[in-house]
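What follows draws every value from the coordinates through simple rules; no lab data is involved. Given the structure is predicted, the values throughout are model-derived calculations rather than measurements. Methodologically, a virtual Cβ is constructed for each residue, glycine included, from the backbone with ideal geometry; neighbour enumeration extends over all protein chains shown.
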């Protein structure tokens, strides 16, 4: 089994952006003082190869514990952002862009209110809902051309969590 990490912007930086309200990041008042805009939280990169931004909702079911990690995917032409719409934590399994390096795989647990934006080419597992079926708002590339590579792991592994988060 592998260890999980708490999701922080610093720890996740090699893979993408953490999308969350952070008062230390740029923010300002709009709408006559009735709204606080937390500005430019992720680098959305979807126009390569004539793509455009699309907004979707993914509904993910929790996998049985321990979770079996057998493959990762990447989107070489674009970033892919996920923001939870459900009040449940979820798990993120990632590896750096480039040739898949299984020794560099990291596992994060996101708390409620944290989203992620995978940079183009970042290896990641599909949505790993925990506790309950969960919805995610997804911003990614819509366009022609191959933009999803999958790789089976040579050394698959299990992730178990001992308690509800």
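What separates the Cα centres of the range 108-158 and the range 35-62 is a distance of 13 Å. A Förster distance of 25 Å, applied to the separation of the beta-carbon atoms of residue 156 and residue 8, puts the FRET efficiency at 0.40. For the chain, the average shadow cast by the Cα convex hull is 10.5 nm², which is a quarter of the hull's surface.
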